[in-house]
Each structure stands twice: as structure tokens, then as C-alpha cells.
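Read through the structure below, which is laid out as C-alpha cells, and then see the notes.
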């Protein structure tokens, strides 16, 4: 099986054996286990892999006693604790390991934010390197191939997403596997936290968000539609974001009178999952939502690029009450750049002049002729 080198593999390796835990966050099925096993394969029998979803592993790490923890882990140089959020008090367990056995390298993976249930940040302050593993980026898929290969994949990525397992499946198997992921894995972790028991509500919320892709989202409207209160909708969206299923963009505003300042848009980390939720894998040329799919694709790919390259930006969208808008804005080192995404529009794009003047900004149109520059392929 062809192994796709992940962008964060090299940075992780560069941070090993520095007296800190390496934490790899990411949704289920994005390749965290494969990546972790690949990294420790360099260490042969000095490495150990532990699946923390297994009861014996949970029990072995259940006591906050340094010697008992070390006795269970064994005499290894590097150890992977996979799906470590399943271990009670995982933050304190990892703190004990780092403080007592600093030469032992731990790689911990989690399919949801540890902060969601385990309050890991406080115990591990200054003791961890943190990474996020996303579904495959276009740059990871490209590797050393040419742009002809990339172009051959674009339609499939927009319809079926970029989960590693999905990439080389034919359409029927891709649909089947995506439906399985969406049904059995997607919000499994979210349901464990905060006393959430209504899986149907989580699914209905995700479906509603999928149908509003690229549009402004109202917590209140969603609450009315789903028959719950506004705070419940906010809490569920927070959880789904921390489980790396969706992410938010806030509206950009410097308090200009006409600018909308409190709205949000929600996008999906994987378009295959989004399309599975609405049961629509149709070709882009016959879809009314094709433009929004392209917008989601460009924004999430840019997010992957920025994060994988440790490029820190503030991201927004912009709209005024008189319907002028910019799909995506980045603020970086005092510079503001806007991007408008167009899939099939051949007309010249006219950027809003008042935005350019007010913020001394540059605005670019991103379509299929120049997206590769935007993503720095």
C-alpha cells in the first residue's frame, strides 16, 4: 500500500526526545494511528504501541502512581498511547510520565480535543508539543507528482473528500465507507461528553449545517428548527468543532456602520463527510451547491496549509448589510488579504472598493485556473 507522507511527520520527529509529550489531535479515521506507527517504526523493539480503547490499557493506566504506570508501560524508549482521551485523568498521567521519566518519549493521539473531557492543558503546561492531523491535504496528495495528477483528483475530492482510506476507492465503495464513517465514527466522541445522549439531534444539526454550507448560520434559527434552545445549539457546535468535524469563520468588522459583525459561517473539514450527511455525491456540474463546495474546499485546504506550515493567521469572512461580501479574509502581520472563490464564473470579479480603501487590503479571485497558487502547490 502506497504511504502518503504527512506534512506534520517531519516536525514531529524533530521534537522527539526533548522531554515533552507529543500530542496528535484529529478526527477519527484521518490517519493518526498510521502516522504514529510510522514514526515509531524507526525504533524497532524499543517502541511500543498501546490502544487506549482497550480495557486492559485503560486499567493499566488508571492509577496515578509513577511506579505502577512505568511497570505497565515497560522498558521502552518511545510509546504511542492511541486514542488517549479514553484514559481517566490522562493529563495527570502524562504529567507524571514527563516529570518522572523524562527520557521516555510519549506520543499521545486523540480523536477529540483532550480539553473537552480531560482538562489536559493545565497539567501539561510547558510539557507538550501539539499537532493537528487533518484529512489529507492537496499538497500531501500531490507529493512529487505533477499538476496533471492533481487535476485528475479535484472532482473526486470535492465529492468524496480526502480521508486517506477513501482516496483510492471507486465511487460505490467510497460512498459505502463514507456513510459508515458518518454513522459509526463521526460524532462518537461528542456523545461521550457533557451528558449528550441524543445522537439523532447531533445528526440533525450536522445535516442542517451541511445544507447551510457557505451561508451565515443563526443559532436561534437552528434552535427553532431542531426544537431545542439556543444554548444547546451553541454547545453542540462547540463540541463538533472540538471533535474536528466542523470549524467556524467569524465575520470581520472594525465597527463600520454597514458591516455585519456577529455572524458566523460553518465549514466542514471533509467534504465527503458533508456530502454523506445530505446523501448527495452527484457530479459538480449538476449541483446547485457546487460554488459553496468549492468555497469550502479552498478554505479548508488553506487552513491545512497554514497549520501544517506553522503560519499563524486570523481568518474571517466579510459582509455588509447591503449584501457586499468577501468569502474569506486573512489577517497576518498587519496585512489584510481577501479571497473570493468562483468555481465556474467566467465573468470578471469586481471586489468591493470600500473594503480595499478602508483596510488598505488586497482582494484576489480564486478559481480553477489559479487555486494552485493560493494553496502553494
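Some points to look at:
- Any chance residue 64 is surrounded by fewer than 17 Cβ atoms within 10 Å (Cβ to Cβ) and under 20 Å from residue 101 (Cβ atoms): yes
- Which numbered condition residue 23 fails, given (1) in contact with a helix residue (DSSP H, G or I) (Cβ under 9 Å, 6 or more places away or on another chain); (2) at pLDDT 95 or above: (2)
- The one condition from (1) at pLDDT below 95; (2) crowded, with 16+ Cβ neighbours inside 10 Å; (3) assigned by TED's automatic domain parsing to the domain that holds residue 277; (4) farther than 21 Å from residue 265 by Cα that residue 187 does not meet is (4).
- Listed conditions (1) buried (at least 16 other Cβ atoms within 10 Å of the Cβ); (2) over 27 Å from residue 160 (Cα atoms); (3) modelled with pLDDT of 95 or more are all met by residue 314, apart from (1).
- Looking across the stretch 1-42 at every residue that is part of a loop (DSSP other than H, G, I, E, B) and closer than 21 Å to residue 273 by Cα, the one that is farthest from the chain's Cα centre (by Cα) is identified as 4.
- Residue list for the stretch 43-82, filter: in contact (Cβ under 8 Å) with a residue 12 or more places away in the chain and in a helix (DSSP H, G or I): 43, 46, 57, 58, 60, 66, 69, 70, 72, 73
- Some residue of the stretch 248-265 being closer than 27 Å to residue 26 by Cα and assigned to a helix (DSSP H, G or I): no
- Test: residue in the stretch 32-39 that is modelled with pLDDT of 95 or more, out of contact with any helix residue (DSSP H, G or I) (no Cβ under 7 Å at 6 or more places or on another chain), within 22 Å of residue 89 (Cβ to Cβ) and loosely packed, with under 15 Cβ neighbours inside 10 Å: no
- When the stretch 197-230 is filtered for residues that are in contact with a helix residue (DSSP H, G or I) (Cβ under 6 Å, 6 or more places away or on another chain) and assigned to a loop (DSSP other than H, G, I, E, B), the ones remaining, listed by number, are 213, 214, 229.
- Check on residue 282, part of a loop (DSSP other than H, G, I, E, B), modelled with pLDDT of 95 or more and assigned by TED's automatic domain parsing to the domain that holds residue 331: yes
- Taken residue by residue, the stretch 287-296 has no member that is surrounded by fewer than 21 Cβ atoms within 10 Å (Cβ to Cβ), more than 24 Å from residue 185 (Cα to Cα), in contact (Cβ under 8 Å) with a residue 40 or more places away in the chain and under 17 Å from the mean Cα position of the chain (by Cα).
- Matching entry among 85, 105 (being touching a residue at least 24 places away in the same chain (Cβ under 8 Å), crowded, with 22+ Cβ neighbours inside 10 Å and within 30 Å of residue 161 (Cβ to Cβ)): 85
- For the stretch 260-272, filtered to residues that are over 20 Å from the mean Cα position of the chain (by Cα) and farther than 14 Å from residue 327 by Cα, the residue that is surrounded by the most Cβ atoms within 10 Å (Cβ to Cβ) is 261.
- Sole residue being within 18 Å of the chain's Cα centre (by Cα), at pLDDT 95 or above and assigned to a loop (DSSP other than H, G, I, E, B), chosen from 136, 157, 167: 136
- Residue 239 vs. criteria at pLDDT below 95, more than 25 Å from residue 83 (Cα to Cα) and assigned by TED's automatic domain parsing to the domain that holds residue 159: no
- Residue check, residue 307 within 25 Å of the chain's Cα centre (by Cα) and assigned to a strand (DSSP E or B): no
- No other residue among 78, 69, 90 is buried (at least 16 other Cβ atoms within 10 Å of the Cβ), assigned by TED's automatic domain parsing to the domain that holds residue 49 and out of contact with any strand residue (DSSP E or B) (no Cβ under 9 Å at 6 or more places or on another chain) apart from 69.
- Contact annotation: residue pairs with Cβ atoms under 8 Å, 6 or more positions apart or on different chains, pairing a residue in the stretch 232-247 that is farther than 15 Å from residue 221 by Cα with a partner that is surrounded by fewer than 16 Cβ atoms within 10 Å (Cβ to Cβ) and at pLDDT 90 or above, are 241/248.
The values are calculated or read from the model by the stated rules, or taken from the named source; none is laboratory data. Here the structure is a predicted model, which means the values were calculated and not measured. Using ideal geometry, Cβ is built from the backbone for each residue, glycine included, and neighbour counts are taken over all protein chains shown.
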